[in-house]
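Heads up: the structure comes next, in structure tokens.
The values are calculated or read from the model by the stated rules, or taken from the named source; none is laboratory data. Not measured: the values here are computed from a predicted model. Here the Cβ is made from the backbone with ideal geometry for all residues, glycine too, and neighbour counts use every protein chain on show.
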Amino acid sequence: MRIALVITDVDFYEDTGYAASLVAALQAQGAEVDRFARVPPQWYGDGPPVGRYDLALTHVLVEEVAGFGETMRAAALLEAAGVPLVNPVAAIVTSSDKALTHAVWAAAGLPQPRVWSLADCEGWPAPGRALVLKPALGDGARYISVVRDLDGAREVEADWRADEVAGGHRRGAALLQELVEEPTVLRLFATPTASSLVYEKNREPGEIVSHGTVYARAYEAPPALADLTQRMVATLGGGLMGVDVLVDAAGRHLALEANAPFGFDVTDPEQARWVAQAVVELGRRPGRARSA
């Protein structure tokens with residue numbers, strides 16, 4: 001199997017060793033990997049080589065989706081040329097925007113924290129309760145805060161917009177989300193039919209943001225949790241994503257986030273092996289034949 005891996009080569013990402021680890025894991029599964037950070041110049045004249053790739057794994061960061069960056073352009077070209085994508089372009093776009101993700105999950109009836117668009121709120125949607133303010137765009141839990149009224153939420157959003165004008169990250173819509181008190185935060189990798197081990201994230205008491213991609217505790221996913229994570233990916237039209245799930249004080253599993261550019265702990269060979277095996281299995285499924 002030959003895979004086109006589209007992933008950025010910018011220093012801040014390259015230095016993590018993630019891309020190299022992913023390539024090595026795919027090769028260990030018997031795949032040949034051609035890596036690109038952008039559309040090769042010759043493709044503009046000749047197009048992607050017909051029949052060369054069985055599958056494309058396009059690791060598109062949210063910023064590149066929002067700005068139609070180089071990896072996003074390569075993903076769009078490969079898909080249009082008939083190369084099957086692990087995560088189709090529609091799934092990449094929908095999962096990159098948290099407002100769209102929550103809307104899709106709401107339509108599918110998935111359990112999740114309640115979400116409101118700040119722009120559409122004429123009054124505080126949760127009287128007497130604090131809410132989480134987060135941007136629709138972005139990853140790494142950036143720009144998330146706890147707010148207690150509309151004035152406070154709009155002050156934070158005004159700071160976002162000022163930073164955007166000054167050249168900062170694009171935030172997209174401002175979202176208010178139900179605050180789940182002292183949750184356990186879980187990360188899994190999932191396809192529509194399979195789920196990885198559960199990796200419990202580190203979170204200090206009272207904090208709303210968990211930390212790091214190195215997990216001290218891992219265990220098999222119970223059936224209900226595995227089913228939820230697979231539905232989180234399937235409803236978004238994805239093939240393989242990293243998903244985050246909250247567990248509240250009552251033990252409920254709540255869908256929080258899905259990431260088409262899934263990241264794994266490069267120091268854990270099991271995570272890399274599971275992801276690479278899932279990619280190769282997706283490429284072998286009926287209907288995933290290479291372009292001809």
Worksheet item: Are any of the residues in region 228-235 under 21 Å from residue 53 (Cα atoms), surrounded by 19 or more Cβ atoms within 10 Å (Cβ to Cβ) and either without any contact (Cβ under 8 Å) to a residue 24 or more places away in the chain or not acidic (Asp, Glu) (or both)?
Response: no
Item to complete: Give just the number: which of (1) touching a Leu at 6+ places or on another chain (Cβ under 9 Å); (2) within 29 Å of residue 90 (Cα to Cα); (3) surrounded by fewer than 19 Cβ atoms within 10 Å (Cβ to Cβ) does residue 278 not satisfy?
Response: (3)
Worksheet entry | Any pair with Cβ under 6 angstrom, 6 or more apart, that starts in region 15-37 at a residue that is under 15 Å from residue 273 (Cα atoms) and among the polar types (S, T, N, Q) and ends at one that is assigned to a loop (DSSP other than H, G, I, E, B) and modelled with pLDDT under 95 | 21/266
Response to the item:
Quick count over region 206-225, residues being part of a helix (DSSP H, G or I) and either closer than 26 Å to residue 134 by Cα or modelled with pLDDT under 75 (or both), is 1
Worksheet item: Which residue, of 163, 139, is within 17 Å of residue 259 (Cβ to Cβ) and of a type in the set (Asp, Glu)?
Response: 139
Discussion item. Based on this model, can you work out whether residue 266 counts as in contact (Cβ under 8 Å) with a residue 24 or more places away in the chain, more than 24 Å from residue 115 (Cβ to Cβ) and of a type outside the set (Ser, Thr, Tyr)?
Written reply: yes
Practice prompt. Would you mind stating whether residue 168 is in a loop (DSSP other than H, G, I, E, B), crowded, with 16+ Cβ neighbours inside 10 Å and among the small types (Gly, Ala, Ser)?
Written response: no
Practice prompt. Please give the number of the condition residue 112 fails out of (1) farther than 14 Å from residue 238 by Cα; (2) in contact with a Pro (Cβ under 9 Å, 6 or more places away or on another chain).
Written response: (2)
Worksheet entry | Filtered residue count, region 138-163, keeping only those that are out of contact with any strand residue (DSSP E or B) (no Cβ under 7 Å at 6 or more places or on another chain) and either at pLDDT below 95 or in the same structural domain as residue 102 (by TED's automatic domain parsing) (or both) | 4
